[in-house]
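Comments concern the structure below.
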Amino acid sequence: MQGVIGAFNEIDSTVHAIEDLKKQRFGDITVYTPTPRHELEHAMKHPPSKVRIVTLIFGLAGVTFGYWIPIWMSDYWPLVVGGKPIASWVPFTILGFEVMVLIGGLATVFAMMGFAGIPRLTLTVGYDARFSGGDFGIWIVTPPERADEAMNVLKKHGAAEVRRER
Amino acid sequence: MATTAAPYPGEGQHRPNIPSATHRLPAVKTYDQIDDEIIATLRPTLGWFALLGIAILCLLGGIATWMYQIHEGLGAAGYQPPVMWGVYIITFVFWVGIGHAGTLISAILYLFRAGFRTSIYRCAEIMTVFAVMTAGLFPILHLGRPWKFFYLIPYPNWRLLWPNPKSPLVWDVFAILTYLTISSTFLYIGLIPDIAVLRDREKNPVRKAIYSALALGWRNSDREWRHFTRAYLFLAAFSTPLVLSVHSVVSFDFAMALTPGWHATIFPPYFVAGAIFSGLGMVFTIIIPIRKFFKLQHYVTLNDLDAAAKMCLFTSMVVGLAYLTEFQVAWMSGNQFEQDYFWNRVFGQWAWAAWIMIICNMILPLSLWSQKLRRNPAWLFILSIFINLGMWFERFVIVVPSLSHEFEPWQWGSYRPTWVDYGILLGSFGWFFMWFLLLIKQLPVMAISELKEVIPPKMKHPHDTTHELDEGFPMPDETGAQH
């Protein structure tokens with residue numbers, strides 16, 4: 001993977017650089033920010049995260065499993081009390097709820113990791129330690145013939161440092 | 001982290017981040033300043049070593065006492081019929097309660113977009129995880145044969161006999177384990193971007209390798225933040241009803257029994273309010289010294305303390321109302337046993353404990369109606385100690401008087417904890433503070449990435465209206481006072 005990386009001190013310069021890069025049809029752009037910012041999010045125009053679908057599916061699976069455990073246990077070794085149902089949904093709702101939260105919550109975290117591409121073993125290409133501190137960054141994956149063009153755009157918008165990486 | 005949780009107000013002028021929009025840190029100017037000042041708190045000091053030593057000593061005392069109890073049997077504790085639940089169950093409920101404020105502050109206040117949570121929620125989350133870990137020890141300590149604790153886990157024994165899923169004790173296992181898992185996950189997920197900051201600044205290769213592994217290769221990219229903020233929001237949404245459910249389930253341990261003083265429908269909301277109240281008390285006990293000794297007064301401002309104190313006052317009044325409602329229900333029920341029990345609680349055998357509870361939980365917190373006292377960290381710290389004491393006694397008043405004063409007069413008895421009970425109680429504080437002190441010197445006590453959301457980022461053209469802050473909001477001064 002090769003491309004160009006630029007570090008910015010200011011957020012408005014970063015936003016303008018992203019908009020310009022998009023106009024010039026640089027497709028594969030990654031933006032680094034020490035904290036999430038609406039400005040960058042809107043400049044990038046990403047679709048909504050799919051984490052919510054995983055949360056819904058596994059939350060429903062969790063509540064189903066959470067009801068199934070006590071129903072199966074009660075059926076397997078019935079404790080018969082006159083006038084009381086063997087499988088009683090009211091107390092089992094507690095277990096259904098807890099298992100829903102447990103499975104839905106853990107699935108949400110794993111989905112986030114999967115979609116975000118973490119855990120990642122290396123940080124080498126297209127990252128700079130200052131992006132977790134105070135600077136914003138843009139990494140553009142581009143073939144060598146368009147690298148100069150990308151560097152010019154970044155410099156034009158006031159990048160503090162621009163370099164090629166591979 | 002809060003960004004995508006907030007509705008986007010449209011093009012043109014808009015807030016930077018809604019949850020932080022009412023929160024201002026005027027003495028914090030740059031992202032680098034946040035990194036420097038929060039990372040500086042990780043350097044161990046002599047005072048920290050001294051506190052850690054005391055905590056470990058208390059823990060060792062608790063372990064030795066427990067070994068003695070295992071050798072001698074549960075009779076070494078102060079149990080005597082009919083009081084067969086004592087300090088261990090009281091302390092279990094106490095620690096579960098303490099564990100509520102963390103998730104309340106981090107999840108519920110996040111969903112309600114209360115800006116003051118930003119500076120205090122990491123501490124509260126750490127407190128939650130270790131408080132629930134401490135609470136989880138007590139059902140085991142309460143067993144005569146603690147190595148059989150796994151009987152409560154839905155796993156068949158050698159006769160293929162399963163635990164009874166209609167028992168509140170089984171619900172407890174599910175609720176506490178889920179709460180511990182989700183709270184720990186919530187804490188760790190929130191820490192990932194901050195650990196990445198530590199990783200990128202660390203020079204020591206061993207520590208750098210550890211931070212690199214814990215940061216999971218986090219790079220602060222737009223792709224990571226997009227999924228992260230959404231996942232964080234959903235975890236907050238899951239945690240919110242979880243907070244309410246866990247202490248409701250703990251209250252069922254009592255309310256499902258027919259014992260006078262326990263068998264009441266008011267118990268779940270009463271326990272939840274009490275848990276939040278006691279958790280806030282412990283937050284003050286922890287955050288006020290941290291704020292002072294780590295020199296973080298410009299992060300945890302007087303405005304933040306004021307807002308948390310208002311919440312504390314509110315929950316104190318809910319708890320006070322619950323105490324009074326219990327008496328009214330007993331009075332109006334026409335049930336002789338209930339009426340006798342409540343009379344005995346306040347004017348009889350256990351009056352001393354009940355009045356400690358009432359004074360600490362109902363009367364002293366009324367001082368928080370005064371804004372001057374709400375903004376006085378020394379008073380908040382002193383009050384928090386009384387709240388911790390009062391909430392422990394609340395659980396004492398729930399557990400012991402009911403068991404000692406049931407239906408038949410010939411069954412009435414008393415209870416006196418022994419040195420074994422006190423040793424294990426002290427050990428639990430040692431266990432909690434040991435983990436807490438160890439963690440706050442390894443990982444940031446404040447959420448670096450969320451603090452960065454609060455301050456405006458550097459801009460080349462500060463008057464660009466696209467990124468302008470809201471005007472008209474009263475800006476606080478260096479001490480956090482608004483003008």
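The numbers here are math on the coordinates, done by the rules we state, and not lab data. This is a predicted model, so every value here is computed, not measured. Here Cβ is always computed from backbone atoms with ideal geometry, including for glycine, and neighbour counts include all displayed protein chains.
Things worth noting here:
- The condition of being in contact with a strand residue (DSSP E or B) (Cβ under 8 Å, 6 or more places away or on another chain) and either over 30 Å from B:Ile56 (Cβ atoms) or of a type outside the set (Gly, Ala, Ser) (or both) holds for only one of B:Ser370, B:Ser404, that being B:Ser404.
- Subset of the stretch A:106-161 [more than 28 Å from A:His16 (Cβ to Cβ), touching a Ser or Thr at 6+ places or on another chain (Cβ under 9 Å) and more than 8 Å from chain B (Cβ to nearest Cβ)]: A:Ala107
- Screening A:Gly158 against (1) part of a helix (DSSP H, G or I); (2) surrounded by 15 or more Cβ atoms within 10 Å (Cβ to Cβ) leaves a single unmet condition, (1).
- Some residue of the stretch A:90-100 being surrounded by fewer than 12 Cβ atoms within 10 Å (Cβ to Cβ) and part of a loop (DSSP other than H, G, I, E, B): no
- Among (1) in contact (Cβ under 8 Å) with a residue 40 or more places away in the chain; (2) outside any loop (DSSP other than H, G, I, E, B), the one test that B:Arg113 misses: (2)
- For the stretch B:356-368, the count of residues that are in contact (Cβ under 8 Å) with a residue 40 or more places away in the chain, surrounded by fewer than 19 Cβ atoms within 10 Å (Cβ to Cβ) and within 30 Å of B:Asp306 (Cα to Cα) is nonzero.
- Subset tally (residues that are surrounded by fewer than 21 Cβ atoms within 10 Å (Cβ to Cβ) and either of a type in the set (Lys, Arg) or over 12 Å from the mean Cα position of the chain (by Cα) (or both)) for the stretch B:272-293: 5
- Output for the stretch A:77-100, where each listed residue is within 8 Å of another protein chain (Cβ to nearest Cβ) and either touching a residue at least 60 places away in the same chain (Cβ under 8 Å) or within 31 Å of the chain's Cα centre (by Cα) (or both): A:Ile94, A:Leu95, A:Phe97, A:Glu98, A:Val99
- Every pair of residues 6+ apart whose Cβ atoms lie under 7 Å, when the first sits in the stretch A:1-26 and is within 12 Å of chain B (Cβ to nearest Cβ) while the second is surrounded by fewer than 20 Cβ atoms within 10 Å (Cβ to Cβ) and part of a strand (DSSP E or B): A:Ile5/A:Arg163; A:Ile5/A:Glu165; A:Ile18/A:Ile29
- For the stretch A:39-57, a residue qualifies if it is within 11 Å of chain B (Cβ to nearest Cβ), part of a helix (DSSP H, G or I) and surrounded by fewer than 19 Cβ atoms within 10 Å (Cβ to Cβ), and the qualifying residues are A:His42, A:Met44, A:Arg52, A:Ile53, A:Leu56.
- With a requirement of 1 or more residues that are within 27 Å of B:Phe337 (Cβ to Cβ) and of a type outside the set (A, V, I, L, M, F, W, C), the helices (runs of 4 or more DSSP H) lying completely within the stretch B:159-277 that satisfy it span B:168-201, B:222-255.
- Single residue of A:Gly104, A:Gly137 found to be part of a strand (DSSP E or B), crowded, with 23+ Cβ neighbours inside 10 Å and in contact (Cβ under 8 Å) with a residue 12 or more places away in the chain: A:Gly137
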